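Engineer: Okay, here's the structure, questions in a sec.
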Amino acid sequence: MDGQDEPAGAAAQWEYRVSVVKLNPVGGVHAHALQETLDKAGRAGWQCAGVIGPDRQGVFRLIFQRPRRAGSG
């Protein structure tokens, strides 16, 4: 996240993390793993900001963001 589309200083207001979800052997997303990842992130205050993938190994990368907490960073 390079913050190029955000006003100066805006990127400092957010923190980001990436989670990985793999495809199953028949090429489908593991629905349970995906839902579990989204639920866990949501309980911790994260929101899904985007998805990248799948790549050649069948991996999706879910990018999460949340407002930076006071005193972190």
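Engineer: Exactly one condition in (1) at pLDDT 85 or above; (2) assigned to a loop (DSSP other than H, G, I, E, B) is false for Pro7; which is it?
Structural biologist: (1)
Engineer: How about region 22-34: which of its residues are surrounded by 12 or more Cβ atoms within 10 Å (Cβ to Cβ) and not in a loop (DSSP other than H, G, I, E, B)?
Structural biologist: Lys22, Leu23, Val29, Ala33, Leu34
Engineer: Could you tell me which residue of region 10-21 is farthest from Gly53 (Cα to Cα), considering only residues that are modelled with pLDDT under 85 and assigned to a helix (DSSP H, G or I)?
Structural biologist: Of everything passing the filter in region 10-21, Ala12 is farthest from Gly53 (Cα to Cα).
Engineer: State which residue pairs qualify: first residue more than 13 Å from Trp14 (Cβ to Cβ) and inside region 46-64, second residue among the small types (Gly, Ala, Ser) in any location, beta carbons under 6 Å apart, and separation of 6 or more residues or different chains.
Structural biologist: Val59/Gly53; Phe60/Gly53; Arg61/Gly53; Leu62/Ser19
Engineer: Quick check on this structure: which one of Ala49, Ala70 is loosely packed, with under 12 Cβ neighbours inside 10 Å and aliphatic (A, V, I, L, M)?
Structural biologist: Ala70
Engineer: Now a separate question. Checking Gln57 against (1) in a loop (DSSP other than H, G, I, E, B); (2) of a type outside the set (D, E, K, R); (3) modelled with pLDDT of 95 or more, which test does it fail?
Structural biologist: All conditions are met except number (3).
Engineer: Only residues that are of a type outside the set (S, T, N, Q) and surrounded by 13 or more Cβ atoms within 10 Å (Cβ to Cβ): list them for region 52-67, please.
Structural biologist: If the condition is that a residue be of a type outside the set (S, T, N, Q) and surrounded by 13 or more Cβ atoms within 10 Å (Cβ to Cβ), then Gly53, Pro54, Gly58, Val59, Phe60, Arg61, Leu62, Ile63, Phe64, Arg66 are the ones that fit.
The values are calculated or read from the model by the stated rules, or taken from the named source; none is laboratory data. Quick caveat: nothing in here was measured; it's all calculated off a predicted structure. Reconstructed Cβ throughout: ideal geometry from the backbone, glycine too, with neighbour counts over all protein chains shown.
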